[in-house]
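Structure first, then comments.
The values are calculated or read from the model by the stated rules, or taken from the named source; none is laboratory data. Being a predicted model, the structure only gives us computed values, none of them experimental. Remember, those area values only see protein heavy atoms, side chains included, never the ligands or the DNA or RNA. Shrake-Rupley method; radii C 1.70, N 1.55, O 1.52, S 1.80 Å.
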Amino acid sequence: MMAQENYMVGIKVGAPAGSISDFFAFTLAGEMAYIKPVSSSIRLGASVGYTRFFGDKVDVRISNIGVVEGRVEDQGFVPVVFKSLFNLGNSGFGLGADLGYAIGVDSINGGGFQYEPKIFYDTGMLLFTASYQGISLTGGNFNNVQFGVAYQFR
């Protein structure tokens, strides 16, 4: 069991935010992380994951034709990020931030800078999070509000 210490795996569900909320219905994400304590209240590490924005149905008005219904293509990203978690005393609550790069894997070529500020509650075995994930691309942003849970191998 010692070889698995400091690892965590998690899942997140979210709602698109900002201008993309008209085109995407919800998000699902998963991640695997290695995070190591550097003091009694600070943990630092890195993670890789997958975030999927699920396309929504949209109505498009085309002149001389009328309204055409369609569906926006799903978009996926592979975030590779640096993680930081800061405990707020012994309450189990804390603040965190992820910074890195999200690689576009569908029709988004390349990718963009990713940031994810968060609040969390740590039970020891499980880490519950609420976060705002932003992916800054040339010509637009993919943002969402996420709620997640991660299992921590300690």
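For the range 61-154, what is the relative contact order in percent, using Cα pairs closer than 8 Å and at least 6 residues apart in sequence? Relative contact order, the range 61-154: 19 percent. Accessible surface calculations at 1.4 Å, restricted to protein heavy atoms, place the chain at 55 Å² per residue. Quantify, in whole percent, the carbon and sulfur part of the accessible surface of the chain (1.4 Å probe; protein heavy atoms only). After summing per-atom areas, the C and S share lands at 64 percent.
Bridgeable lysines around residue 12 (alpha carbons under 21 Å apart, same-chain partners fewer than 8 residues away excluded): 83, 118.
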